[in-house]
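First up is the structure itself, then whatever we jot down about it.
The values are calculated or read from the model by the stated rules, or taken from the named source; none is laboratory data. None of the values given here were measured: they were computed from a predicted structure. Glycine also receives a Cβ, built like all others from the backbone with ideal geometry; neighbour counts cover every protein chain displayed.
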Amino acid sequence: MADRALIPLLLVGLILALLLAAATGAFPIPPGRIVAVLAGRDGDAQAAAVLWNIRLPRVLAAALVGAALSGAGAAYQTVFRNPLVSPDILGVSAGAGFGAVLGILLGLPVLAIQLMGFGTGLATVGLVLLLSLSLRGGGQVLVMVLCGIAIGALAGAGISLVKLLADPESQLPAITFWLMGSLAGIKRPDVAAALPAIVTGLVPLILLRWRICLLALGDDEARSLGVEAGRLRLLVIACATLVTAAAVSMAGVIGWVGLMVPHMARLATGPRFDRLLPATLLAGAAFMVLVDTAARSIATMEVPLGILTAVLGAPVFLWLLARGARTWSE
Amino acid sequence: MRYSPASALKVAALIALTALPAAAFDGTPFTDATGREVQVPANPARVFAAGPPAATLLYTLKPAAMIGWVRAPKTSDLPFLRPEVAALPELGRLTGKGDTLNLEVLLSATPDLIVDYGTVSGTYTDLAARVQDQSGVPYVLVDGSFAVLPQSIRDMGKVLAVPERADQLAAYAEATLAEIDALLAEIPEAERPTVYLARGSEGLETAAKGSINAEIIERVGGRNVADLETKGLANVSAEQVQAWAPQVIITIDRDFAARVATMPEWQGVPAVTNGRVYLAPATPFGFIDAPPSVNRLIGLKWLAHKFYPEKVKTDLTTAVEEFYDLFYGVKPDGAALAALLGG
């Protein structure tokens, strides 16, 4: 019963978070007038422009990024059968970060920086998968994770090198802000560029969620139930990487969400992926919308999302650790 | 006590280490902004500037003594620099722990003096003392606050043994500041424009009120809208800029300046609506900051023209021409000046 009520409950929570976010902002628009402004029944063209061009794209982007990172986190945790895995385990964040800061160093336009981050994020994971399949013990999860750590470290070194080469007066601050994650500069074209990739990645995860459940049992059990574990795992990794790369290249590096939200959802749903995924997507979207609303309203300046998610995420994570691993193993 | 050959070597090395700097320290004592008394050579001929602000000041005072750049000038800067110094190598910067400059590289360029110009804080005081102890090259730090600029030019001139040149530049600085003060005396607070400083290609990076990157805006009476929780650089949202509704936008980003008129999220901002978005010239040194050094004196005049077009009637091109001639030792032609100011 409680199980069935969960999804509608989360949906209501997400809608409330979206409404709160749409009604909050630095530009003074009384909440009561927002609907009128959006419907075009209010003559204030400036308010309409702020809502359509700045505030709403950003709220939508926050929801997308939250859902993408959390969903990818849940998928990664399930296929790697490890609750400590986050979406950047195979180096996607470090890779996307490297591409994006390189784009900043080269002085590319913003959309090109986003595309470059997206491309290098995907390429990094592609390289990790190729390496792990060609090494001895090919395709083993441990080999894959170790390759991810190694390539991720290389990408991290690349980021440091770019920082060193960047102009300390103009480019370095931009790189630093980007690496801390922010939705401050989001525009409609940015969302439009990321949306197809996020949807393309999430749809197979949603459609295949029962099969993905079986991966949590281990390869042999999955095979005995008729699921080719290796191939399915690669597909899940590809999808989760696609959505993470799209989210990171749009919003910068935002840690913790992909690790923490699946754990919070798991408290309510238990470890089964078919139940976990919808709850994670909704909770992640709502969480990110709220965090981003805080990021733009607790101070006049933007508070980087990477800081807020860590400040909120670390205590929650420690509390989960204190509760022990029951929620994972039962 | 036992004496091993190894410990004898250590003692010898210690003696050598302490003796070496002392040998290089003959000269006139100078008490720098950190309060350290430094023995400065009588006529420094090979001077290294520790950071970009110092490099600019050194270039304007005694270009012949430069041994390298902190960062090599960009190709677009070259027409505005003395050709004999423009080609000097890039050596890197001394900033404390994250140096891009290896002390051995610095020493192989045989400097007889290191100068720095900027913030006087515990970190930089200690850095000056450490580099001097380690390299044996005297290291002088001059206060980089904008308020004491004329005096700092004179101090640096004294250290570099070019007092007449320094007097000339300091007099220009004093006259410029007096000019700005006289201008501001006629303009009531309420008539001074609200200003947003846009950085980055999206224009959403800004320098907060009170930061070194925006201080000359306030010096010319601009009311910086970004009164933030920080005194440095920060990101803000487009919605926040809309809420601030600045009358003037100053930017250092060419890309942003070119696109702002067509970016939907900037429409309706008074500065954009009224065409008052101004791109600060940046060659060979920035008008606003980049680096925060004597180059900002021409920035003051430029800002006065942009902020109070009805009040300031002097010719900007002539002022820039004079400044480049006096400070940078170059006479850009009409086309170069138009390109510099037209951007």
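Examine segment B:234-242 for a residue that is of a type in the set (S, T, N, Q), more than 20 Å from B:TRP266 (Cβ to Cβ) and in contact with a Lys or Arg (Cβ under 6 Å, 6 or more places away or on another chain), and state whether such a residue exists. So far as segment B:234-242 goes, no, none of its residues is of a type in the set (S, T, N, Q), more than 20 Å from B:TRP266 (Cβ to Cβ) and in contact with a Lys or Arg (Cβ under 6 Å, 6 or more places away or on another chain). A Cβ distance below 8 Å, combined with a sequence gap of six or more or placement on separate chains, defines the contacts here; from segment A:86-100, residues that are buried (at least 24 other Cβ atoms within 10 Å of the Cβ) reach residues that are of a type in the set (D, E, K, R) in the pairs A:ALA94/A:ASP88. Within segment B:204-223, the set of residues being within 27 Å of A:ALA47 (Cα to Cα), more than 9 Å from every other protein chain (Cβ to nearest Cβ) and modelled with pLDDT under 95 comprises B:ALA207, B:LYS209. Residues in segment A:160-174 that are touching a Leu at 6+ places or on another chain (Cβ under 7 Å) and over 15 Å from B:LEU204 (Cα atoms) were compared, and the one that is farthest from the other protein chains (Cβ to nearest Cβ) is A:VAL162.
Could you check, for segment B:252-263, whether at least one of its residues is buried (at least 23 other Cβ atoms within 10 Å of the Cβ) and in contact with a strand residue (DSSP E or B) (Cβ under 9 Å, 6 or more places away or on another chain)?
yes
Scan segment A:14-59 for residues that are in contact (Cβ under 8 Å) with a residue 40 or more places away in the chain, buried (at least 19 other Cβ atoms within 10 Å of the Cβ) and more than 10 Å from every other protein chain (Cβ to nearest Cβ) and the total you get is 5.
Within segment B:224-246, restricting attention to residues that are buried (at least 19 other Cβ atoms within 10 Å of the Cβ) and more than 9 Å from chain A (Cβ to nearest Cβ), the residue that is farthest from the chain's Cα centre (by Cα) is B:PRO246.
When A:ALA294, A:ALA286, A:ALA265 are checked against the criterion of being modelled with pLDDT of 90 or more and surrounded by 20 or more Cβ atoms within 10 Å (Cβ to Cβ), A:ALA286 stands alone in meeting it. Restricting B:THR56, B:THR75 to those that are of a type outside the set (D, E, K, R) and either in the same structural domain as B:LEU337 (by TED's automatic domain parsing) or within 21 Å of B:ASP155 (Cβ to Cβ) (or both) reduces the list to B:THR56.
In summary, helices (runs of 4 or more DSSP H) completely within segment B:245-327 and bearing 3 or more residues that are without any contact (Cβ under 8 Å) to a residue 40 or more places away in the chain occur at B:270-273, B:296-307, B:316-323. The residues of segment B:120-163 that are out of contact with any strand residue (DSSP E or B) (no Cβ under 7 Å at 6 or more places or on another chain), more than 23 Å from B:ASN102 (Cα to Cα) and among the acidic types (Asp, Glu) amount to a single one, B:ASP143.
Restricting attention to segment B:288-303, the residues being farther than 15 Å from B:THR60 by Cβ and in contact with a helix residue (DSSP H, G or I) (Cβ under 6 Å, 6 or more places away or on another chain) number 3.
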